[in-house]
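Down below is the structure, laid out as structure tokens.
The values are calculated or read from the model by the stated rules, or taken from the named source; none is laboratory data. Since this is a predicted model, take the numbers as computed values, not measurements. Here the Cβ positions follow ideal geometry from the backbone for every residue, glycine too, while neighbour counts run over all protein chains shown. Heads up: the accessible areas ignore ligands, DNA and RNA and are worked out on the full protein's heavy atoms, side chains in. Shrake-Rupley method; radii C 1.70, N 1.55, O 1.52, S 1.80 Å.
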There are 2 protein chains.
Amino acid sequence: MNKFITPRNVDYSQWYLDIIEHAQLAENSVVRGCMVIKPYGFALWENIQATLDKMFKDTGHINAYFPLFIPKSFFSKEAEHVEGFASECAIVTHYRLKKDPNSKGLIIDDTAKLEEELVVRPTSETIIWSTYRNWIQSYRDLPLLINQWANVVRWEMRTRLFLRTTEFLWQEGHTAHATKEEAMEEARLMLNIYASFAEQYMAIPVIKGVKTANERFAGAEDTYCIEAMMQDGKALQAGTSHFLGQNFAKAFDVKFLDRNNELQYVWATSWGVSTRLIGAIIMTHSDDKGLVLPPKLAPTQVILIPIFRTEEEKSKVLEKLNNIKNQLIENNIKVKLDDRDEFSPGWKFTEWEMHGVPLRLAIGPRDIDNNTVEFARRDTGEKHILPQDNIIENVKNYLENIQKSLFEKALDFRDAHTYIIDTWDEFIEKIEQGNFIWAHWDGTTETELKIKELTKATIRLIPLSPNLENGSCILTGKPSKYRVLFARAY
Amino acid sequence: MNKFITPRNVDYSQWYLDIIEHAQLAENSVVRGCMVIKPYGFALWENIQATLDKMFKDTGHINAYFPLFIPKSFFSKEAEHVEGFASECAIVTHYRLKKDPNSKGLIIDDTAKLEEELVVRPTSETIIWSTYRNWIQSYRDLPLLINQWANVVRWEMRTRLFLRTTEFLWQEGHTAHATKEEAMEEARLMLNIYASFAEQYMAIPVIKGVKTANERFAGAEDTYCIEAMMQDGKALQAGTSHFLGQNFAKAFDVKFLDRNNELQYVWATSWGVSTRLIGAIIMTHSDDKGLVLPPKLAPTQVILIPIFRTEEEKSKVLEKLNNIKNQLIENNIKVKLDDRDEFSPGWKFTEWEMHGVPLRLAIGPRDIDNNTVEFARRDTGEKHILPQDNIIENVKNYLENIQKSLFEKALDFRDAHTYIIDTWDEFIEKIEQGNFIWAHWDGTTETELKIKELTKATIRLIPLSPNLENGSCILTGKPSKYRVLFARAY
């Protein structure tokens, strides 16, 4: 309990916003739908970025940077892509403001109108494939394994911090390959990297799969995804990797001479994760006391709090804590000592709980006498008085245990909220309660949309290697060979 | 000499563009004035970014992220700021495209017109100070030491890769302080960080100073700068740090309660460097064989080239080079082995010279017999046959020497092209030849502009601690107390 944070069972949406506010992760800006990512939230993003960037580079990818603006006409070149993005994009029409002769303000200078309007990139397939056209001539130029860290803009009507914002930060990989098989392998490799990152760093269990035609990325042949369960039982898509076939190569006429000296269209993938991952971390691990962060990504892993009454006690306690702080820094543990005078220890406990710091160490006068330190785990709230010896080893063990048990707790939660369902009534009931449901589906978009209309549940994914079994569609009763995953989603 | 690179003395501008093309640093995109930063150029930027980011964090700064879009009305709030930026900004007016009923293309959906137009940020003072208003209440909230890595857009009419592009990448620091003195100190601290980075990492000697009123950032009280000399004798401003006074605090009504419980306006600084630094590196160090990079920032510090005729020689040479490669990697030296079969050693030599790799090691059959390796310095072209023993130590020494001698060479060049001038005729002559000139100036904007009109030279800076001496203005003959730096500039 905490007076700043609305409990989950009172108002889940408000709980989410309260956590963001009191952990100082982000806030809405004056520009509709655009957020300010505050320093603490950005430090979390930097850790996500650094970890993923290394994983990308270790698998042979390199970074580059492509323009923010895309000529309007590029969007019409790939038929499905245009449908997906044209209706929600920011459009630059002019390049100059001038003083309003009738007021103190500024107005658009009509003489500075662009010949062709520019779209602020909602995703960069079009501008990148128009560039690849000049970069790829022969099979020797392939594969091209490029990633970009960038901001993108999608004009969302209903926005929510981190989960859906008009502007967001992300990475987008865009690779080019000589063969279909190699491109498909790349799309799956990146899916696996996203899944490893989610499970090993974010401590979020995910299910891997492929989207239905209806849920596919606009312009993709196949969209692979990872789906995670939030604490309200809803699904959150935490990363997608697309096999784009030759769609963008054809749209932008990107061909290469193969080993037999024949011209072929290039095969493509794209894949991305965004600041949305921060929303996933918040909603997977946090509790009614505030944010809970996995140690591997936490900007501050250990917070040190001094407890004292007299000046003499203060100097002894701080000396000890400074010593511990330096030891932890030497061991690459991210530590902060909160030695501010203006706040009480109790206030600091609450403050750093709300910030989700995984481990708190406190030392008071009694600990000085006993050579002890109080360890408090953010995730379980457990406290233990331990000797000050072996501090590094103890801290490392705690952080590892917290990382591990956050994952296990989330996995247990998901398991407890996942059902195999065969009747429509039960389907409705379990969806309403907030669960993942494995059910049979007849494979048609019509049925998929009907189920969505009736229950707000969507097909989150088709498993990569489905268990084959004969069943009948949960809605239509038509024959089905395997189950797919249904849930309401963010 | 190199058939791909136009020599400097034939066409300096073309030389610059040839280097960028053949080092594969960047290229113009289809969007006017916007560049694609290619992987090799981006790797250089990543090294610049990582180094600066650490320097910022070591001095107490933290990163955050503010919106790409700024409401149009914000620009009119600071009188000088609007003059500086309104005439060259990209303006978003609509948020939806629709199908053109008369063609296959897309047109703007007129029903999706923004109530207030949004400006794509040319710099973020306005959006950030409108945000700081809510973050700062008391002196306890100060200082606020925030930096942002971002893309910005300025609608430049004449663009040039890296030096002046419509969109560019940069960092912008925006700090808030309780006192004027502290803000001024911060502005100078950041100037010193930029100067250290330029000299110690980019190997570019810089002169520190303050801009004249005419050359000041729009909205600043003082603009500090570092200026570097390019190989054509022109100056390049390589970083600026602004003391903003209370201008933005007043424009956005940002006040704090000081220790005496009185409301005061907050004091501000902002400071930035951009992808322009890559242009400075290119033009300071490169030669007619292509790019030359300082070892501390080079994406590849050492290139290994095998030389062989027979398969047996190949396997011996590659075994040895792979061994060296692994040793270098273990010692955190950025190394690449070019073992491609389709290119000859000579082709590879040229290729990596054009890429500016500081050090080349080559091993052929004779080196196998003699236990030797050929070291070739990119900067001087010197070659030495050395024993394979102590390879790590030798490589490290070479890299250190190259870093040092690039700086010294640039410094010597600048010294040789810097004149103290007292007559107008000589001033014109030396400016025309491409030089830095220390001359007296009467302190008026009128004279400054007249000199610019007559010679295209601008006042690059006033020294931070000018040598006081009585002199007379180079143009008007009016009395002057100290010399200022004149040059033509990028």
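Could you tell me how many of the residues in region B:413-427 are surrounded by fewer than 16 Cβ atoms within 10 Å (Cβ to Cβ), more than 20 Å from B:Ile207 (Cα to Cα) and either under 27 Å from the mean Cα position of the chain (by Cα) or of a type outside the set (D, E, K, R) (or both)? I'd like the intermediate steps shown before the answer.
Applying the first criterion (surrounded by fewer than 16 Cβ atoms within 10 Å (Cβ to Cβ)) to region B:413-427 yields B:415-416, B:420, B:422-423, B:425-426.
Next cut, more than 20 Å from B:Ile207 (Cα to Cα) only: B:422-423, B:425-426.
Remaining after also requiring either under 27 Å from the mean Cα position of the chain (by Cα) or of a type outside the set (D, E, K, R) (or both): B:423.
Adding up the residues that qualify gives 1.
Of all residue pairs spaced 6 or more apart or on separate chains, none has beta-carbon atoms under 7 Å together with a first member in region B:330-357 that is closer than 17 Å to B:Asp379 by Cα and a second member that is among the acidic types (Asp, Glu) and surrounded by fewer than 14 Cβ atoms within 10 Å (Cβ to Cβ). Taken as a whole, the structure leaves B:Ser274 outside the set of residues that are modelled with pLDDT of 95 or more and either open to solvent by 30 Å² or more (accessible area, probe 1.4 Å) or away from every other protein chain (no Cβ under 14 Å) (or both). Residues that are modelled with pLDDT of 95 or more, open to solvent by less than 40 Å² (accessible area, probe 1.4 Å) and among the hydroxyl-bearing types (Ser, Thr, Tyr) are absent from region B:340-356 altogether.
Can you tell me which residues in region A:64-104 are of a type in the set (A, V, I, L, M, F, W, C) and touching a helix residue (DSSP H, G or I) at 6+ places or on another chain (Cβ under 6 Å)?
We begin by selecting, within region A:64-104, every residue of a type in the set (A, V, I, L, M, F, W, C); these are A:64, A:66, A:68-70, A:74-75, A:79, A:82, A:85-86, A:89-92, A:97.
Passing the criteria: A:Ala64, A:Phe66, A:Ile70, A:Phe74, A:Phe75, A:Val82, A:Ala86, A:Leu97.
Looking at region A:406-429, can you tell me whether even one residue there is modelled with pLDDT under 95 and farther than 25 Å from A:Ser286 by Cβ? Scanning region A:406-429, I find no residue that is modelled with pLDDT under 95 and farther than 25 Å from A:Ser286 by Cβ, so the answer is no.
For region A:1-54, the candidate set comprises residues that are among the hydroxyl-bearing types (Ser, Thr, Tyr) and either assigned to a strand (DSSP E or B) or away from chain B (no Cβ under 14 Å) (or both); within that set, the residue that is surrounded by the most Cβ atoms within 10 Å (Cβ to Cβ) is A:Tyr16.
Can you pull out the residues in region A:64-81 that are farther than 18 Å from A:His174 by Cβ and facing chain B (nearest Cβ under 7 Å)? If you could, list the steps in order and put the result at the bottom.
Looking only at region A:64-81, we keep the residues that are farther than 18 Å from A:His174 by Cβ, and these are A:72-73, A:76, A:79.
Across region A:64-81, the qualifying residues are A:Lys72, A:Ser73, A:Ser76.
The single condition among (1) assigned to a strand (DSSP E or B); (2) surrounded by fewer than 23 Cβ atoms within 10 Å (Cβ to Cβ); (3) not hydrophobic (A, V, I, L, M, F, W, C) that B:Arg259 does not satisfy is (1).
The one condition from (1) more than 7 Å from chain A (Cβ to nearest Cβ); (2) within 20 Å of A:Glu88 (Cα to Cα); (3) touching a residue at least 24 places away in the same chain (Cβ under 8 Å); (4) surrounded by fewer than 22 Cβ atoms within 10 Å (Cβ to Cβ) that B:Pro122 does not meet is (2).
In region A:177-193, the residues that are on the phi < 0 side of the Ramachandran plot form Cβ pairs under 7 Å with partners that are open to solvent by less than 10 Å² (accessible area, probe 1.4 Å) and part of a helix (DSSP H, G or I), at six or more places apart or across chains, as follows: A:His177/A:Ala183. Among residues of region B:62-108 being within 23 Å of the chain's Cα centre (by Cα) and open to solvent by 20 Å² or more (accessible area, probe 1.4 Å), the one that is modelled with the lowest pLDDT is B:Gly84.
The set of residues from region B:273-301 being closer than 15 Å to B:Leu52 by Cα and touching a Ser or Thr at 6+ places or on another chain (Cβ under 7 Å) is empty.
Can you find a residue in region B:55-63 that is more than 11 Å from B:Glu117 (Cβ to Cβ), more than 7 Å from chain A (Cβ to nearest Cβ) and without any contact (Cβ under 8 Å) to a residue 24 or more places away in the chain? It would help to see each step written out before you state the result.
The first filter runs over region B:55-63 and keeps only residues more than 11 Å from B:Glu117 (Cβ to Cβ), leaving B:55-63.
Next, from what is left, pick out any that are more than 7 Å from chain A (Cβ to nearest Cβ): B:55-61.
Among the residues that remain, those that are also without any contact (Cβ under 8 Å) to a residue 24 or more places away in the chain are: B:57-58.
Scanning region B:55-63 turns up at least one residue that is more than 11 Å from B:Glu117 (Cβ to Cβ), more than 7 Å from chain A (Cβ to nearest Cβ) and without any contact (Cβ under 8 Å) to a residue 24 or more places away in the chain.
Just checking, how many residues over region A:183-206 are closer than 29 Å to A:Glu83 by Cβ and either open to solvent by 30 Å² or more (accessible area, probe 1.4 Å) or among the basic types (Lys, Arg) (or both)? Going through region A:183-206 one residue at a time, the tally reaches 4. So, B:Asn247, is that one open to solvent by 30 Å² or more (accessible area, probe 1.4 Å), in contact (Cβ under 8 Å) with a residue 40 or more places away in the chain, assigned by TED's automatic domain parsing to the domain that holds B:Ser130 and on the phi < 0 side of the Ramachandran plot or not? So B:Asn247 passes the test.
For region B:142-167: of the residues being of a type in the set (Phe, Trp, Tyr) and open to solvent by less than 30 Å² (accessible area, probe 1.4 Å), which is farthest from the chain's Cα centre (by Cα)?
Residues of region B:142-167 that are of a type in the set (Phe, Trp, Tyr), as a first pass: B:149, B:155, B:162.
Subsequent filtering for residues that are open to solvent by less than 30 Å² (accessible area, probe 1.4 Å) retains B:155, B:162.
Working: B:Trp155: 19, B:Phe162: 8 Å.
Ranking the candidates gives B:Trp155 first.
Taken over region B:214-237, the residue count meeting the criterion of being open to solvent by 10 Å² or more (accessible area, probe 1.4 Å), closer than 25 Å to B:Gly434 by Cβ and part of a strand (DSSP E or B) is 2. Kindly check whether there is at least one residue in region A:440-447 that is assigned to a strand (DSSP E or B) and of a type outside the set (Phe, Trp, Tyr). There is at least one residue in region A:440-447 that is assigned to a strand (DSSP E or B) and of a type outside the set (Phe, Trp, Tyr).
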